[in-house]
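The values are calculated or read from the model by the stated rules, or taken from the named source; none is laboratory data. Computed from a predicted structure; not experimentally measured. Methodologically, a virtual Cβ is constructed for each residue, glycine included, from the backbone with ideal geometry; neighbour enumeration extends over all protein chains shown.
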Amino acid sequence: MVNISLGELEHAGLAAAHRAADLLKIGFYSEIDVKIKSHKHDIVTQFDKKSEELIVSVIKDFFPHHGFVGEELGIMGSTTKNIYWIIDPIDGTWNFARQIPSFAISIAACFDGMTHLGICLDPISGELFIARRGGGATMNGKALHVSQTGQLEDAGISFGTSVGVNAIHEIALIRRSGSSVLDLCYVAKGALEGFINHNLHVWDFAAAKLIVEEAGGVVTTFDGKPVSLDTGHRHTLIASNRILHEELIRWISTANP
Ligand code: IPD
Ligand code: CA
Ligand code: CA
């Protein structure tokens, strides 16, 4: 099915990510129009849609027959028979709308039910994370490796679920940027040891999950099972530096709400 190389996919994905970053860098300091989606913390700005339209149009110039799953535009074309792309045009929209510079563009190229290329770009810091399946992960061209910390009390964890919310503070340091994409990339670069979140859409992790795995980390559901790219439901996710993974799964399974 796939006679396109990961290098060609990366070339297209990077072109799209950089165009979207240029748009968002201007948008970040301009008048931002905020609309509520499902509830008051679930918001969208004019730049979410513009960014996704731009990403899709750039990738379509390279690959007119590919399908897309995006947060703002939904499903376009086939997501089963060919390569398709999973896009979060701004992860961390709440931050973006408040001019808090922690948000990211996430672009994943997928086939056979898996991500094969993941690109996450923080437009403000310029940190660019890329992973190819089987080819390692980089940040701004430098190889990424997860942290070697083996003690939970020395760990920094991004924590975003109500399960165990009171108890987690007693066992680890909690750090949360407001962008799941960035927090997963921080696990990949060894800045955090873990990430625990629920209610996630597939575009929140499709690219960053591969970046964690290619940096030597592990990503599973709360039950320790593989995480699918199923768009039909919300996902639970535990990502870690591998060493702490079993401990985090055990901890979340015994933690009280
Ligand atoms: C949100 C962020 C946030 C996570 C939410 C996501 P959005 O994405 O990743 O960290 O906790 O579940 O919906 O809406 O800013 O793209
Ligand atoms: Ca988003
Ligand atoms: Ca998101």
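Can you give me the number of residues within segment 76-101 that are under 19 Å from G232 (Cα atoms), within 16 Å of ligand 3 (Cβ to nearest atom) and among the charged types (D, E, K, R)?
Total meeting the criteria: 1.
How about segment 100-135: which of its residues are part of a loop (DSSP other than H, G, I, E, B), closer than 12 Å to I90 by Cα and either among the small types (G, A, S) or modelled with pLDDT under 95 (or both)?
Hit for segment 100-135 is S102, nothing else.
Given the criterion within 16 Å of ligand 2 (Cβ to nearest atom), among the β-branched types (V, I, T) and touching an Asp or Glu at 6+ places or on another chain (Cβ under 6 Å), identify the matching residue among I75, I86, I90.
On the way: I75 fails: touching an Asp or Glu at 6+ places or on another chain (Cβ under 6 Å); I86 fails: touching an Asp or Glu at 6+ places or on another chain (Cβ under 6 Å).
Only one candidate qualifies: I90.
Restricting segment 102-124 to residues that are under 16 Å from the mean Cα position of the chain (by Cα) and more than 16 Å from ligand 3 (Cβ to nearest atom), which is farthest from A15 (Cα to Cα)?
Kept after step one, since they are under 16 Å from the mean Cα position of the chain (by Cα), are these residues of segment 102-124: 102-110, 114-123.
Remaining after also requiring more than 16 Å from ligand 3 (Cβ to nearest atom): 109-110, 114, 116-117.
Values: A109: 14, C110: 17, M114: 22, H116: 17, L117: 14 Å.
Per the stated criteria, the residue is M114.
Look through A155, A255 and report the one residue that is of a type in the set (G, A, S) and modelled with pLDDT under 95.
After ruling out the rest, the residue left standing is A255.
Of all the residues that make up segment 154-194, how many are touching a residue at least 60 places away in the same chain (Cβ under 8 Å), in contact with a His (Cβ under 8 Å, 6 or more places away or on another chain) and within 12 Å of ligand 1 (Cβ to nearest atom)?
Residues in segment 154-194 being touching a residue at least 60 places away in the same chain (Cβ under 8 Å), in contact with a His (Cβ under 8 Å, 6 or more places away or on another chain) and within 12 Å of ligand 1 (Cβ to nearest atom): 1 in total.
Tell me yes or no: at least one residue of segment 135-148 is within 16 Å of ligand 3 (Cβ to nearest atom) and more than 20 Å from I252 (Cβ to Cβ). Write out each step before concluding.
At the first step, the residues of segment 135-148 found to be within 16 Å of ligand 3 (Cβ to nearest atom) are none.
Looking for residues that are within 16 Å of ligand 3 (Cβ to nearest atom) and more than 20 Å from I252 (Cβ to Cβ), one finds none in segment 135-148, hence no.
A quick yes/no check of all residues on (1) farther than 15 Å from D183 by Cβ; (2) within 16 Å of ligand 1 (Cβ to nearest atom); (3) not assigned by TED's automatic domain parsing to the domain that holds F47:
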site: I83; (1), (2), (3): yes, no, no
site: R98; (1), (2), (3): yes, yes, no
site: F103; (1), (2), (3): no, yes, no
site: A109; (1), (2), (3): yes, no, no
site: M114; (1), (2), (3): yes, no, no
site: I130; (1), (2), (3): yes, no, no
site: G135; (1), (2), (3): yes, no, no
